[in-house]
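The values are calculated or read from the model by the stated rules, or taken from the named source; none is laboratory data. No experiment lies behind these values; they were computed from the predicted model shown. Here the Cβ positions follow ideal geometry from the backbone for every residue, glycine too, while neighbour counts run over all protein chains shown.
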Amino acid sequence: MEITFTKLQGNGNDFILIDEFDQEVIPDEMKGTFAALYCDRRFGIGADGVLYLQPSDKAEIRMRLFQPDESEAAMCGNGIRCLAKYAYDAGYVKESCKIETGAGIVPVSMGYSDDEFAATITMPEPAFERSVIPATGRGDYQEEICGFTVYAANIGVPHAVIFVDDIDSVEIETIAPVIRHHPTFPEGANVNFVERLGTDKIRIRTFERGVESETASCGTGATASAAVARRLGRVGDTVLVETIGGPLVIRFEKIVTMEGPAETVFSGVITF
């Protein structure tokens, strides 16, 4: 048995993509186990998650994402860009399309400029109510945890947002898991530490739920961080978000968009 895969990355947030547009490759009951095995960076291919490109009766294509802990994530901004690039290169979609996700239908516009691919994603509207995040209590989320003031928003998935003076001084792998598993988040949360660099520019580091580690970039985390910063009056309507893996541009207009790159790393075959 052989399974063909493609490895892609968006700002260093990397994924294994399995093309199931024409037929199922990995049975649903095995998708989580497959992610746990092949996302391993020592004994597998290595990735932050496995993307499944599938047909959709609601949009041009459907994205499903399984993470290294075998859970399925509803939404992933960097993952959608990677999936969109693969689909565009394969001829499944044109420069504008819609992608079905667990968080709803996501419009995407994309293309190449000087051989570099970029996509603009319409992101889910940021939600700040505790009931939607989800989080316990009432009203907007603001809690003191581990000596930090923690805010939160849902961008298809829950995100905690913490503003600090210097994100390099934060022991993320120690502090973030406590916040990620805090009892006020019944489904857990991704954790973003944010440093304001100036007018309309922030820098973030993200500990991702499901990956259970810091990743080089997180599209929903960048959007959540920019949304909370804007809500607090710290940035305006267009925000440059610097991640470890590179920049993302978040715009708050009639809709919320995220713009960034995606790159195909390599393709291969798993042989059993």
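Counting only strands (runs of 3 or more DSSP E) wholly contained in segment 75-124, the ones carrying 3 or more residues that are hydroxyl-bearing (Ser, Thr, Tyr) occupy 104-113. Criterion first (among the aromatic types (Phe, Trp, Tyr), touching a residue at least 60 places away in the same chain (Cβ under 8 Å) and in contact with a strand residue (DSSP E or B) (Cβ under 8 Å, 6 or more places away or on another chain)) does PHE193 satisfy it? No. Applying the set (1) in contact with a Gly (Cβ under 8 Å, 6 or more places away or on another chain); (2) among the charged types (D, E, K, R); (3) assigned to a helix (DSSP H, G or I) to ASP40 leaves exactly one unmet item: (3).
State whether one or more residues within segment 6-18 are small (Gly, Ala, Ser), within 18 Å of the chain's Cα centre (by Cα) and part of a strand (DSSP E or B). Looking through segment 6-18, at least one residue is small (Gly, Ala, Ser), within 18 Å of the chain's Cα centre (by Cα) and part of a strand (DSSP E or B). Selection of first residues in segment 27-42 that are closer than 19 Å to ARG209 by Cβ and of second residues that are at pLDDT 95 or above and not in a loop (DSSP other than H, G, I, E, B), restricted to Cβ pairs under 6 Å at least 6 apart or on distinct chains, gives the following pairs, ordered by first then second residue: LYS31/PHE66; GLY32/PHE66; ALA35/VAL50; ALA35/PHE66. State yes or no: is ARG130 modelled with pLDDT of 95 or more, basic (Lys, Arg) and in contact with a Lys or Arg (Cβ under 7 Å, 6 or more places away or on another chain)? Judged against the criteria, ARG130 is a match. Screening segment 158-272 for strands (runs of 3 or more DSSP E) wholly inside it with 3 or more residues that are touching a helix residue (DSSP H, G or I) at 6+ places or on another chain (Cβ under 8 Å) returns the ranges 158-163, 190-198, 201-208, 238-243, 246-252, 256-261, 263-271.
How about segment 230-252: which of its residues are touching a residue at least 40 places away in the same chain (Cβ under 8 Å) and exposed (fewer than 15 other Cβ atoms within 10 Å of the Cβ)? Correct list: LEU232 only.
Could you tell me whether any residue of segment 106-116 is within 22 Å of GLY210 (Cα to Cα) and either surrounded by fewer than 19 Cβ atoms within 10 Å (Cβ to Cβ) or aliphatic (A, V, I, L, M) (or both)? It would help to see each step written out before you state the result.
Here is the first cut: in segment 106-116, the ones within 22 Å of GLY210 (Cα to Cα) are 106.
Filter once more, so that each one left must be either surrounded by fewer than 19 Cβ atoms within 10 Å (Cβ to Cβ) or aliphatic (A, V, I, L, M) (or both): 106.
Yes, segment 106-116 contains a residue that is within 22 Å of GLY210 (Cα to Cα) and either surrounded by fewer than 19 Cβ atoms within 10 Å (Cβ to Cβ) or aliphatic (A, V, I, L, M) (or both).
Within segment 43-74, the set of residues being assigned to a loop (DSSP other than H, G, I, E, B), more than 21 Å from THR271 (Cα to Cα) and within 19 Å of the chain's Cα centre (by Cα) comprises ASP48, GLN67, ASP69, GLU70, SER71, ALA74. Condition check: among the basic types (Lys, Arg), surrounded by fewer than 23 Cβ atoms within 10 Å (Cβ to Cβ) and closer than 13 Å to ILE16 by Cα. Does LYS31 satisfy that? Yes; evaluated as a whole, the condition is true for this residue.
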